[in-house]
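Notes follow once the structure below has been shown.
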């Protein structure tokens, strides 16, 4: 069982080994991240969701297994 | 304790998915979210990427946000999850920089080598324990604030910190170090 003293010693050692980042000079954001955010928003709007790909694969597989269904599908499109 | 306040117009607009409101909130809170994430991941470049990732998650969940609650607390919670996901995905054994940052008041009784080994042992802790110990012990954030950001109780934060110290001691002992 760890005693309070042990805990305090390890906590002190930890603080000496890894000083707080929140008080370091680099803790302040150095640049505006909005342009990066806009890029991320653009990427996601052009990305095709995985379930669309899954649906496409399922349709292709279905047509490969039942080619006679192709005219029916074309008729309904 | 979540704050119940009159929602501002910008928060209401954000809930409706308006990009101008999102931009306004982004510009207002990016610095604070970045600093919170930096405390956990301890790398400015990664903290920047995770800040964008956090706001991306925020934007995706705009319809789920309750505008009577604190946006900052919500953002901090999402940021903590993003940091946790990052720590889970990266290998535990990472190279530490040659120049270790100095503690504000360095203890001359603790050698550079001991600091390095402690930092390495700390890197090997499970991410959940590491984040709780980082925020509560190293960054000295109030337990209640850490609990809010991690979505757990104050008691659970204390337990994680206690377990982190116990596992850390075990790792150090395995290296022949008696802390």
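The values are calculated or read from the model by the stated rules, or taken from the named source; none is laboratory data. Everything quoted here is computed from the prediction, not taken from an experiment. Virtual Cβ from ideal backbone geometry, glycine too; neighbours counted across all protein chains shown.
Please pick out the residue among B:84, B:150, B:114 that is within 20 Å of residue B:42 (Cα to Cα) and at pLDDT below 95. Don't jump to the end; show me each part of the working.
Numbers: B:84 fails: at pLDDT below 95; B:150 fails: at pLDDT below 95.
Result: B:114 is the single residue among B:84, B:150, B:114 that is within 20 Å of residue B:42 (Cα to Cα) and at pLDDT below 95.
Cβ-Cβ distance below 6 Å, separation of 6 or more or different chains: which pairs start in segment A:16-40 with a residue that is under 22 Å from residue B:121 (Cα atoms) and at the interface with another protein chain (Cβ under 7 Å from one of its Cβ atoms) and end on one that is at pLDDT 90 or above and assigned to a loop (DSSP other than H, G, I, E, B)?
A:20/B:139; A:21/B:42; A:22/B:139
Scan segment B:150-174 for residues that are touching a residue at least 24 places away in the same chain (Cβ under 8 Å) and within 13 Å of chain A (Cβ to nearest Cβ) and jot them down.
First, the residues of segment B:150-174 that are touching a residue at least 24 places away in the same chain (Cβ under 8 Å): B:150-151, B:157, B:160-161, B:163-165, B:167-168, B:171-172.
Selection gives B:161, B:163, B:164, B:165, B:167, B:168, B:171, B:172.
Of all residues in segment B:36-48, count the ones that are over 20 Å from residue B:122 (Cβ atoms) and surrounded by 18 or more Cβ atoms within 10 Å (Cβ to Cβ).
Total satisfying the criteria: 1.
I'd like to know if segment B:3-23 contains one or more residues that are at pLDDT below 90, more than 13 Å from chain A (Cβ to nearest Cβ) and touching a helix residue (DSSP H, G or I) at 6+ places or on another chain (Cβ under 7 Å).
No.
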